[in-house]
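Only the coordinates and a few stated rules stand behind these numbers; no lab work does. Worth saying up front: this structure is predicted, and the values here are computed from it rather than measured. In this analysis, Cβ positions are derived from the backbone assuming ideal geometry, glycine residues included, and neighbour counts consider all displayed protein chains.
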Amino acid sequence: MDIGGFVNRRKKGFEQQLLMLKELANNPRDMGTLCPSSDALANKMAEALSPRMMKKGMFVEIGAGTGPVTSALIRRGVPTERLMVIEKSPVLAESLSKRFPDVDVRCRGAEELGSCLEGFPPVRAIISSLPFRSLPEAVSLAIMSEVERALSCGGIFVQFTYALIGEMPFIPASFRKVRSSVVLLNIPPAKVEVFMKPKRMEPEGCQ
Ligand SMILES: C[S@@+](CC[C@H](N)C(=O)[O-])C[C@H]1O[C@@H](n2cnc3c(N)ncnc32)[C@H](O)[C@@H]1O
């Protein structure tokens, strides 16, 4: 058994938990959670991306926090040069940049998604850990309108929620739910939902 590796992983996990608690104390509405996402939850989110989908285009993670989902996306095979991570907290964005030096980490609000993506190829998937239920409604609406615009036709939007029952709020009417699964191995248990932007829309709605 690799005891050194085990101790290192525990230490990193503890540091990330501490970072999250500090940010929670400073910005409770932005964080919306006490604990980093578990590997089980992060892996379930990454599973929404098929190897075929990863052959081209951009992949964007919004609200990456301490980075468990970023890590799962890379393990899943998302090429780091086509992965952009948007995290509003300067402390967390700096920690993400150090942990994932090959990934384009932007310390911005997801409301600015469109301007972050100027000049980049079409976006195949947006993976979100944003706490839409605790963010101000106007912010959630602004972000989802950016998501709808930025995603290419046939692209997917992946979101988790702690509300196991009921529909996710703020999902654009044109999006179709393609998958929903509950992950019990997380504190608290969570639901991962995958939505698809329709393949064919009005010309100005597609990239
Ligand atoms: C639920 S936490 C992230 C959970 C993450 N999966 C983890 O385990 O660390 C939500 C994250 O969204 C970030 N956030 C909140 N509002 C944001 C916004 N408007 N744009 C980008 N990030 C935002 C917060 O700073 C926080 O890191």
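For the range 127-207, the dipole from Cβ point charges (+1 on Lys and Arg, -1 on Asp and Glu) about the Cα centre works out to 300 debye, to the nearest 20. Highest mean packing first, where packing is the average number of other Cβ atoms within 10 Å per residue, the peptides 76-86, 169-179, 62-72 line up as 62-72, 76-86, 169-179. Under the criterion of Cα pairs below 8 Å and six or more residues apart, the relative contact order for the chain equals 19 percent.
Note on the range 104-150: the C-alpha convex hull projects to 3.5 nm² when averaged across all orientations.
The C-alpha atoms of the chain define a longest principal axis, and helix 90-99 lies at about 80 degrees to it. Computed 3J(HN,Hα) for the range 38-49, one whole-Hz value per residue from the Karplus formula 6.51 cos²θ - 1.76 cosθ + 1.60 where θ = phi - 60°, is 6, 4, 4, 5, 4, 5, 4, 5, 5, 4, 5, 8, glycine and proline marked x. With respect to the chain, whose longest principal axis is taken over its alpha-carbon atoms, helix 137-150 is tilted by about 70°. Anisotropy class assigned to the range 1-108 is oblate, per the alpha carbon gyration tensor with a/c at or over the 1.5 cut-off and a/b no larger than b/c. The helix-based estimate of mean residue ellipticity at 222 nm for the chain, built from -39,500 (n - 2.57) per DSSP H run of four or more residues and divided by its residue count, is -10500 deg cm²/dmol to the nearest 500.
Is the range 70-155 best put as rounded, prolate or oblate by its Cα gyration tensor, with a ≥ b ≥ c the root eigenvalues, rounded for a/c under 1.5, and otherwise prolate when a/b is larger than b/c, oblate when not? Because a/c hits 1.5 or more and a/b fails to exceed b/c, the range 70-155 counts as oblate.
For the residues 14, 160, 132, a GNM of the chain with alpha-carbon springs under 10 Å puts the largest fluctuation on 14. Given a Förster radius of 22 Å and the C-beta distance between residue 141 and residue 167 as r, what FRET efficiency does 1/(1 + (r/R0)^6) yield to the nearest 0.05? Calculated value: 0.90. Per residue, the convex hull spanned by the alpha carbons of the chain comes to 124 Å³. The gain in end-to-end length when the residue 29 to residue 47 segment is fully stretched comes to 3.7 nm, 0.36 nm per residue minus the alpha carbon separation.
Would you mind getting the Kirkwood hydrodynamic radius of the range 113-201 from its Cα pairs, rounded to one decimal in Å? With all distinct Cα pairs of the range 113-201 included, I get 13.8 Å. The distance between label points at residue 55 and residue 133 comes to 3.9 nm (points 7 Å beyond Cα on the Cα→Cβ vector).
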